[in-house]
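Enquirer: Attaching a single structure in structure tokens format; questions to follow.
Every read-out reported here was derived from the displayed coordinates using simple, explicitly stated rules and does not represent laboratory data. Keep in mind it's a predicted model, so treat the numbers as computed, not measured. As a convention, Cβ positions derive from the backbone with ideal geometry for all residues, glycine included, and neighbour counts pool all protein chains shown.
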Amino acid sequence: MTNENRKPIMAGNWKMNINHLEAIAYVNKTAYMLTEKDYDRTDVTIFPPFTDLRSVQTIVDADHLQITYGAQEISAFDSGAYTGEISGAMLNKLRVKYALIGHSERRAYHHETDENVNAKVKAAIKHDLIPMIAIGETLEVRQAGNAVEHTLSQLVGALKDIRSNYVGNAVIAYEPVWAIGTGEVATPQDAQDMSIKIREKIASLYSKEVADKIRILYGGSVKAGNVKAIMEQPDVDGALIGGAALDPDEFVRIIRWPDQP
Ligand code: 13P
């Protein structure tokens, strides 16, 4: 990552792992290991389950930690009769920074459409949360030669009617579905190729300034052993990490990606 205007982000998506007691231990351990130098080089954020957010907030606030946290989901609605949903207003009250939207597991298991994703991006912005929008193709789509077209159409759908001042601050996570939890990591060149397509699309929809500002992460089987080569790609500004981020030691090694051999 060579663009000095974009600070890298390492984001750990815990998915449905780590209960609130484990979360307290995790955050304490991670915070104990991280130094000012780490935070200067890289933004560090975690996406715990909803049930952990209050515990995480309490430690982050009490110890003035520089770790930030996001929610793995957000309701498109503000309040009301939506059993099981969590609103942006509730997340904002917990000082949640990011809302992860459009993760492929939500699209696959909860049938989320680009329209749902777009409504949630609007809800996040309305409640002062930064949307982290996940897009990416399945293996079938890639093998059919439609990876770029598919991923960019998810991007366009997610950003429909979103004004440019919000887009520059948003984060895009390119996560090819075939690389998630499979150990099958995309090559650094695959990550770069799609990131540049995403950036070009944003430049055409908005402006070069917005495209230069937005951070694009890669996700899919990232670990300490492969993160550096991915991060050396000029248009990759960070990683969204699942399995490897469940272990604080490994997460810290990933955060220290410039030091990896
Ligand atoms: P893995 O790192 O376990 O492949 O998961 C990636 C992911 O889905 C992060 O959101």
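Enquirer: What full-extension length gain, to one decimal in nm, is calculated for residue 110 and residue 187 as 0.36 nm per residue of separation minus the Cα-Cα distance?
Expert: 24.8 nm
Enquirer: Under Stokes-Einstein, with the Kirkwood radius over Cα pairs standing in for Rh, what whole-number D in µm²/s applies to segment 2-66 at 10 °C and 1.306 mPa s?
Expert: Using the Kirkwood radius from Cα pairs, D works out to 125 µm²/s.
Enquirer: Further question on the same structure: Restricting everything to alpha-carbon atoms, can you work out Rg to Rh for segment 177-246 with a Kirkwood hydrodynamic radius?
Expert: Numbers: Rg = 12.6 Å, Rh = 12.5 Å.
Over the Cα atoms of segment 177-246, Rg/Rh equals 1.01.
Enquirer: Tell me, what are the semi-axes, in whole angstrom and largest first, of the equivalent ellipsoid of segment 1-153 as set by the roots of 5 times the Cα gyration tensor eigenvalues?
Expert: Equivalent ellipsoid semi-axes, largest first: 27, 21, 15 Å.
Enquirer: Once the principal axes of the Cα atoms of the chain are found, what is the range along each, listed largest first in whole angstroms?
Expert: 52, 46, 34
Enquirer: Would you mind pulling out the separation of the Cα centroids of segment 73-101 and segment 137-165, in Å?
Expert: 24 Å
Enquirer: For the charge dipole of segment 116-215, defined by +1 on Lys and Arg C-beta atoms and -1 on Asp and Glu C-beta atoms about the Cα centroid, which residue among 177, 144, 206 has the Cα displaced farthest towards the positive pole?
Expert: After comparing all options, I get 206.
Enquirer: Separate question: Charges at C-beta only: +1 for Lys and Arg, -1 for Asp and Glu. How large is the resulting dipole of the chain about its Cα centre, in Debye rounded to 20?
Expert: Its charge dipole is roughly 420 debye.
Enquirer: Moving to a separate point now. Against the globular-protein guess of 2.2 N^0.38 Å, express the Cα radius of gyration of segment 97-165 as a ratio, rounded to two decimals.
Expert: Taking N as the residue count of segment 97-165, the ratio is 1.13.
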